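The values are calculated or read from the model by the stated rules, or taken from the named source; none is laboratory data. Not measured: the values here are computed from a predicted model. When we count neighbours, we look across all protein chains shown, and the Cβ atoms used for this are built from the backbone with ideal geometry, even at glycine. Heads up: the accessible areas ignore ligands, DNA and RNA and are worked out on the full protein's heavy atoms, side chains in. Shrake-Rupley method; radii C 1.70, N 1.55, O 1.52, S 1.80 Å.
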Amino acid sequence: MTAQDGKFTLRLFGPFGIRNPRGQKVDVGGKKNRGLIAILATAPDGLRSRAQLSQILWASSGTDEDRASLRKALSEMRRRMGDDFERLIYTDNHDVRLNMDAVELMGSGADGDFLEGLDIREPAFCAWREEFRRSNAVMAATEGQTVFNGSLRAAIAVLPFSNPVDEPSAGVIGDLVAEEVSRALSRSSMLDVVSHLSCRDHLLQRCSLSELKTVLGVDYVVSGRLRGGGNRLLLDVELVDVRSQRNRWTRQYPISLPTLLRDGCLAVEELVNEIGRTILLRSIEVTASNPLPTVDSHALLISAIALMHRQSLVSFSSARPQLEELVRRAPRQAIPHAWLSKWYVLSIQQGWSVDFKQDGAIAERWTQHALDLDPDCTFSLAIDGFVQNNLLKRFDLAQERFDHAIDADCNNALAWLLKGTLHAFQDKGLEAVAYTSRARSLSPLDPYRYFFDSLSATAHLANGDYVKALDLAERSLRANRRHTSTLRVKTIALHQLGRGEDARAAADQLRRLDPGLTVEGYMRHHPAAMFRTGKEWSKALKESGIPVSS
């Protein structure tokens, strides 16, 4: 690296070292200052919140003192580094960022342990560093980039269900049930389902679990048998975690042959939802009990998606480092970048963001990263449309994003849903209902079906169908009772139905979850504010007891 290259060189393997573009050693100060640089350098886009840095490096000092210690450390670094500090580090009241465009990461594990000899004894720092040392993916020697191993989806195979009844049609029915289960599972963006044709190979029926892992490359296997005869059958089914070779559960489900033939996937919906929930909970369990760099990528993503949609602040907050780990691990994969953008959108919508403008800009930056990596990624297009519509009020650009996603994949449930929401905000109730209904017919498995019900309720609200809006809002709230956007819909629907007392009760619950909510704030930030719907909805909130201003 020469001065003409214009970049700082940073070594994190072996003894820590940083040099400016002129080749001179940069004095950043003490060991925690060096640790701070390392934590930033391994973060997505070089960005960490002040709360994260304080927790990792100064947690033992106590809440107030750890924040003061971070301020002192940054002040010392600015004094020692001079102009180099301004080139390398950006700070505001919420985040600290390392300018990764100005940094070249040098070296690999062949040069020594990660942060070798950096004697910081804070438990959180030691745990963080150990995670990196255990991971084979940490900053491997491929031009300073991390190595991505593994799929972002959990792979699953559904084997044809056997039937001990000696009837010519027995095998056909078991095969048909397995095919419908496979089709239903394939609707989930979290799962990679092995082709049903591949699973029909008779040789697979004699394979052990370890052989299935090798032959099919799966994480989970669904198998079982049908019992009984005629039109009413019983399905004994089991879900096996291939890696641990453990049965996750065994269940029994009634199968009506006429219903199966008539409704297809809908006839096995309960079974499919249970499979999805089990994989989801297993992913959360694995992620919570292991260092993040050692967790399979698909488990990380599923866990993060589940936690960010639970809408408790603790669960929601824990999703962000999981997504950041995925971005660090897979810097060239668009999907994790787009999910991280959605995390910031939901943070704003739930009232947990401390800086609406800044977090909106961060959300847009993550979707731009995602689209730079893959301009045709339909999920990234849908999320960027979400950002453009809900946060930035760039309705034309949002429409363009949704249409691009749907043109590329006409079964993209999320794009249809968000396109419907865009139309709901713009007084186009009929179109909104049509689009969100299409989305719900394609909707994925848990954990965010409540989200589809919530935005569908908004569409019916815009269309003046307050009974249906209330029904969908209440169904969404049964799955996620803390979702403030859904509570707003419920409050407005109750008011428009003339149920003033119930509307005021819903508004009281909404205020407990979002104490800072005001009508003025709602109108300032909500994308429907300039349309008839926004004016009607804000009036309903006001008359239900939401204060006009703080």
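Per-residue surface analysis assigns His94 an accessible area of about 50 Å², computed on protein heavy atoms at 1.4 Å probe radius. Counted by Cβ distance under 9 Å from Leu417, the other residues give a net charge of +3, where Lys and Arg count +1 and Asp and Glu count -1. Simple rule: put +1 on each Lys or Arg Cβ and -1 on each Asp or Glu Cβ in the chain, find the dipole, and look at Pro293, Trp366, Gln496; the Cα lying farthest toward the positive end is Gln496.
The calculated FRET efficiency for the pair Asn411 and Leu197, based on their C-beta separation and a Förster distance of 22 Å, comes to about 0.65. Put a dot 7 Å past the Cα of Leu313, heading toward its Cβ, do the same for Leu430, and the two dots end up 4.5 nm apart.
Listed by chain and number, the lysines placed with their C-alpha closer than 30 angstrom to that of Lys468 are Lys342, Lys393, Lys419, Lys428, Lys490, Lys535, Lys539, Lys542; residues fewer than eight positions away on the same chain are left out. Using θ = phi - 60° in the Karplus curve 6.51 cos²θ - 1.76 cosθ + 1.60, the 3J(HN,Hα) couplings for the stretch 325-339 round to 4, 5, 5, 5, 6, 10, x, 9, 9, 6, 4, x, 4, 5, 5 Hz; x is entered for Gly and Pro. Mean residue ellipticity at 222 nm, helices only, the chain: -17500 deg cm²/dmol; runs of at least 4 DSSP H residues each add -39,500 (n - 2.57), and the sum is divided by the number of residues.
Provide, for q = 0.14, 0.16, 0.19, 0.20 Å⁻¹, the log10 of I(q)/I(0) from a solvent-free Debye sum over equal Cα point scatterers in the stretch 190-319. The Debye formula, applied to the Cα set alone, gives -0.77, -0.95, -1.19, -1.25.
Surface composition of the stretch 428-550: carbon plus sulfur atoms hold 47% of the accessible area, using a 1.4 angstrom probe and ignoring ligands, DNA and RNA. Evaluated with a Cβ-only charge set (Lys, Arg +1; Asp, Glu -1), the chain carries a dipole of roughly 1180 debye about its Cα centre, given to the nearest 20. For the pair Arg478 and Ala59, a Förster radius of 60 Å applied to the C-beta separation gives a FRET efficiency near 0.95, rounded to the nearest 0.05. With viscosity 1.002 mPa s and temperature 20 °C, the Kirkwood radius over alpha carbon pairs of the stretch 275-343 converts through Stokes-Einstein to a diffusion coefficient of 182 µm²/s. Could you pull out every one of the lysines with an alpha carbon less than 24 Å from that of Lys32, ignoring same-chain neighbours closer than 8 positions? Result set, ordered by chain and number: Lys7, Lys72.
Considering only the Cα atoms of the stretch 455-550, their convex hull presents on average a projected area of 5.2 nm². Kirkwood-type hydrodynamic radius, the chain: 25.8 Å, calculated from all non-identical alpha-carbon pairs.
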